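Colleague: Once you've had a glance at the structure underneath, I'll fire off some questions.
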Amino acid sequence: MMSLIALKQHLQTVKIATLSGMCAIFKTQPAAIEPMLDFWIKKGCVRRSQGNACSTPCGTCMQCGVAKNEYYEWVMD
């Protein structure tokens, strides 16, 4: 079962993640993750952004179609 702490630890590790990527990792639907993301956003720990989350040139991460959508970034130390 996914928890706030598991989501926090994942985002602290990867720094930037897409909703679809988190759904795949935690084997759950967006409706289960979005309220947890909202919790961390309200705490100021996560930022929701749109744009290109990929930090590598096109062709290396193989997820450019996904990376150009909404993504979530852990912003606390």
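Colleague: Give the stretch 11-24 a look and list any residue that's modelled with pLDDT under 95, over 18 Å from Gly51 (Cβ atoms) and surrounded by 12 or more Cβ atoms within 10 Å (Cβ to Cβ), or say none.
Modeller: Answer for the stretch 11-24, where residues must be modelled with pLDDT under 95, over 18 Å from Gly51 (Cβ atoms) and surrounded by 12 or more Cβ atoms within 10 Å (Cβ to Cβ): just Cys23.
Colleague: Scan the stretch 15-40 residue by residue and report those that are free of Cβ contacts under 8 Å to residues at least 12 places away in the same chain and of a type in the set (A, V, I, L, M). It would help to see each step written out before you state the result.
Modeller: Within the stretch 15-40, the first condition is being free of Cβ contacts under 8 Å to residues at least 12 places away in the same chain, and the residues that meet it are 23-24, 27, 29-31, 35, 38.
Within the stretch 15-40, Ala24, Ala31 qualify.
Colleague: Let me ask something additional. Would you please name the residue that is modelled with the highest pLDDT, looking only at residues in the stretch 1-10 that are in a loop (DSSP other than H, G, I, E, B) and surrounded by fewer than 14 Cβ atoms within 10 Å (Cβ to Cβ)?
Modeller: Keep residues of the stretch 1-10 that are in a loop (DSSP other than H, G, I, E, B), which gives 1-3.
Still in the list and also surrounded by fewer than 14 Cβ atoms within 10 Å (Cβ to Cβ): 1, 3.
Details: Met1: 69, Ser3: 94.
Here the residue is Ser3.
Colleague: Can you find a residue in the stretch 45-61 that is assigned to a loop (DSSP other than H, G, I, E, B) and at pLDDT 95 or above? Don't jump to the end; show me each part of the working.
Modeller: Taking the stretch 45-61 as the starting set, the residues that turn out to be assigned to a loop (DSSP other than H, G, I, E, B) are 45, 51-61.
Now drop any that are not at pLDDT 95 or above, which leaves 45.
Among the residues of the stretch 45-61, at least one is assigned to a loop (DSSP other than H, G, I, E, B) and at pLDDT 95 or above, which makes the answer yes.
Colleague: For residues that are under 16 Å from Glu70 (Cβ atoms) and surrounded by 14 or more Cβ atoms within 10 Å (Cβ to Cβ), tally how many sit in the stretch 35-46.
Modeller: First pass over the stretch 35-46, keeping only residues under 16 Å from Glu70 (Cβ atoms): 35-38, 40-41, 46.
Still in the running and surrounded by 14 or more Cβ atoms within 10 Å (Cβ to Cβ): 36-37, 40-41, 46.
So the answer is 5.
Colleague: Hey, another quick one. Just one of (1) in contact with an Asp or Glu (Cβ under 8 Å, 6 or more places away or on another chain); (2) among the charged types (D, E, K, R); (3) at positive phi trips up Arg48, so point out which.
Modeller: (3)
Colleague: Which condition does Gly65 not pass, out of (1) out of contact with any helix residue (DSSP H, G or I) (no Cβ under 7 Å at 6 or more places or on another chain); (2) modelled with pLDDT of 95 or more; (3) in a helix (DSSP H, G or I); (4) of a type outside the set (A, V, I, L, M, F, W, C), if it passes all the others?
Modeller: That leaves (2) as the condition not met.
The values are calculated or read from the model by the stated rules, or taken from the named source; none is laboratory data. All of these numbers come straight from a predicted model, not from anything done at the bench. No Cβ is skipped: glycine too gets one built from the backbone with ideal geometry, and neighbour counts run over all protein chains shown.
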